[in-house]
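Only one structure is covered here, and it is reproduced in the block below.
The values are calculated or read from the model by the stated rules, or taken from the named source; none is laboratory data. Quick caveat, the model's predicted, so the values are computed rather than measured. Methodologically, a virtual Cβ is constructed for each residue, glycine included, from the backbone with ideal geometry; neighbour enumeration extends over all protein chains shown. Ligands, DNA and RNA are excluded from the accessible area calculation, which covers all protein heavy atoms including side chains. Shrake-Rupley method; radii C 1.70, N 1.55, O 1.52, S 1.80 Å.
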Amino acid sequence: MNEVMTEKAAQNFIDAYESARTVLPGADGWLARRRAAAIEAFAGAGLPHRRLEEWKYTDLRQTLDKAGFAPAPEHKGAVVLPETASASAFSALDRHVLVFVNGRYRADLSKAARLPKGVELRGLADVLTEQWAKDLLERRFDEARQAEQVVDLNTALMSDGMCLRIRKGVKLDKPVHLLFFAADDGASHTRNLVLLEEGAEGTILESHVGEAASFADIVTDVVLGNGARLDHVKLQDESANAVHLATLRGEVGAEARLSSFTLTLGCGVSRGQSFIRFAGEGAEAQVNGAYALRATQHADQFCVVDHAVPRCASNTVFKGVLDGQSEGVFQGKVIVRPDAQKTDGRQMTQALLLSRDAAMNAKPELEIYADDVQCAHGSTVGELSKDALFYLRSRGIPEAEARRLLVLAFLDDVIALAPHEEAREILRGLVSGWFEEASI
């Protein structure tokens, strides 16, 4: 990629910052300085490209240069969600709902009343004077150094987001559902802050839908105190003209547990990044997901788990099916620091190719500097088993139905890892509906 295109790809966002910096949240305080430093760092690094090892299979620079996204406007008028199963997912659950349209919080569409005492749930602009929010926004996650250039972009341009703080020992009464809807073409930049203090518990459901040609740039910073528990279930089903970039950065305290699951069905190009660091012994992290792709979709999953202290456990499983000319990517790394004895770290990726034109790139890695550990990684890519297909057909099951059953069974193993029972059943239904349009 030549340098002219490099400048063009990043310049759109630099210009957007210059135009909006005086009206962005925190423009008259400490955050203005943080934003200025972030855009300067981003301008120096530019957007990621294939020459960077962590972006070997996904050229975000080229993708965004072609699309040329302008900032998404503040949506005026009525908001009508598409009549799809994904748009109404989780709607039957008892939950607190925060709606974001073009990346901006809409209080008139949200329902988050009567929160338990000790639970704070607000928009980004409302917490900028509080120390806990400042600490999260100024934090540099060392293990996420590969992500810093896109995080700097988000820091410079973030216009809104969800900020959740749960006080010590408090349990959230029902899930918080973040519904992101792209109503108009353009780029949006969202920053979510999550702080669970010692012994706190909560569940976050997250869905991204829309039919616009959009670029969703989302960073979620999570800090779990000792003994805290956070369950996170995410659904991404945006339009084929959309680009989705999501970064999750988490610090997990002693005896705390983070469980995150992502189902990817939509977008032309998507990349989900997870950077988890253990800050106390006895902690656990589950970072799992499933994807079902068709046509020319491209989905990239990148996960780094940093075992910085002893006696922690992590498990990452991603499974997917790819139809048409779609392409999947999994890059993962488990890092075990020199003093992190008794570590249990595992990563696995598996993919089924439903078409000869589909492709999968997988690169799980272990980086181990301690000797008393249990670590493993693996990757498998293949087609449907002819023996299993023959077995089902010999029992009178038509071929199309037999193939559908085999693929559903393949994905069900990982969907079972979604940490919320009712949400898990909803995800199963969405995956089943995906096959109505797949050429299996």
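Quick notes
- When both the stretch 1-76 and the stretch 350-368 are represented by their alpha-carbon centers, they are found 29 Å apart.
- Here semi-axes √(5λ) of the Cα gyration tensor in Å was calculated from the structure, and among (i) 74, 41, 17; (ii) 39, 30, 24; (iii) 32, 26, 23 it sits at label (iii).
- At R0 = 22 Å, FRET efficiency that the Cβ-Cβ distance of Glu399 and Thr296 yields, to 0.05: 0.30
- 26 Å Cα-Cα reach of Lys8 towards lysines, excluding residues that sit fewer than 8 places from it in its own chain: Lys56, Lys66
- Simple spin-label estimate for Thr380 and Arg140 in nanometres, 7 Å along Cα-Cβ: 4.3 nm
- The value of relative contact order for the chain, using C-alpha pairs under 8 Å at least six residues apart, is 10 percent.
- Burial order of peptide ranges 350-361, 14-25, 284-295 (average beta-carbon count within 10 Å, highest first): 284-295, 350-361, 14-25
- Descending by average beta-carbon neighbour count within 10 Å, the peptides 183-194, 30-41 line up as 183-194, 30-41, the highest first.
- The length gained on full extension between Asp126 and Lys66, counted as 0.36 nm times the residue separation minus their Cα-Cα distance, comes to 18.0 nm.
- Taking a span of 18 Å or more along the helix axis (Cα atoms) and a mean Kyte-Doolittle hydropathy of at least 0.0 as the rule, the DSSP H helices of the chain that qualify are 30-45, 399-415.
- Beyond 26 Å in Cα-Cα separation lie the following of the pairs Lys76/Lys117; Lys111/Lys319; Lys234/Lys363; Lys134/Lys168: Lys76/Lys117; Lys111/Lys319.
- Spin-label model, Asp339/Ala27: points 7 Å from Cα along the beta carbon direction are separated by 4.6 nm.
- Per residue accessible area of the chain, 1.4 Å probe, in Å²: 41 Å²
- Two-site FRET efficiency, Asp173 against Tyr391, from Cβ-Cβ distance with R₀ of 56 Å, rounded to 0.05: 0.75
- In the chain, the calculated helix contribution to ellipticity at 222 nm averages -7000 deg cm²/dmol per residue, counting -39,500 (n - 2.57) for every DSSP H run with n ≥ 4.
- The Ala20 and Ala45 beta-carbon pair, evaluated with R₀ = 30 Å, returns a calculated FRET efficiency of approximately 0.90.
- Protection-proxy order for peptides 256-263, 318-325, each taking the mean of Cβ atoms within 10 Å per residue, highest first: 256-263, 318-325
- Carbon plus sulfur fraction of accessible area for the chain, probe 1.4 Å, in percent: 47 percent
- One chain, two ends: Glu422 and Glu198. Fully extended at 0.36 nm per residue, the span grows by 78.0 nm beyond their Cα-Cα distance.
- Taking the Kirkwood radius as Rh and the Cα radius of gyration as Rg, the stretch 280-427 has a ratio of Rg/Rh equal to 1.06.
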